[in-house]
Ligand SMILES: [Zn+2]
């Protein structure tokens with residue numbers, strides 16, 4: 001039913017970032033919900049390897065959750081950005097504290 005279940009080698013996907021067509025087997029899955037393990041009823045988006053590398057220079061674990069938590073797009077931009085920066089700063093402080101103790 002879905003192309004990825006058929007193991008079809010000729011299946012191509014389109015890179016989300018640069019629009020290049022690439023073989024499915026060479027693409028990196030990108031799940032905007034940050035959960036690649038729950039595959040039910042989902043269509044993944046794809047990135048080519050180059051874009052995947054460029055787009056992921058930093059750990060972004062929890063970013064999507066953070067945006068939801070801060071109601072991205074649902075309050076005015078300035079308030080959102082202030083809350084975002086504050087939260088990110090707090091999280092980084094935590095990471096640095098942990099490093100000092102390791
Ligand atoms: Zn690309």
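The values are calculated or read from the model by the stated rules, or taken from the named source; none is laboratory data. Computed from a prediction, not measured in an experiment: that's the story for all the values here. Neighbour counts run over all protein chains shown; Cβ positions are idealised from the backbone, glycine included.
Couple of notes before you dig in:
- One residue stands out among those in the stretch 1-23 that are in contact with a helix residue (DSSP H, G or I) (Cβ under 7 Å, 6 or more places away or on another chain) and at pLDDT 80 or above: the one that is farthest from the ligand (Cβ to nearest atom), which is 11.
- Single residue of 49, 26, 32, 42 found to be at pLDDT below 80, at negative phi and in contact with a helix residue (DSSP H, G or I) (Cβ under 9 Å, 6 or more places away or on another chain): 32
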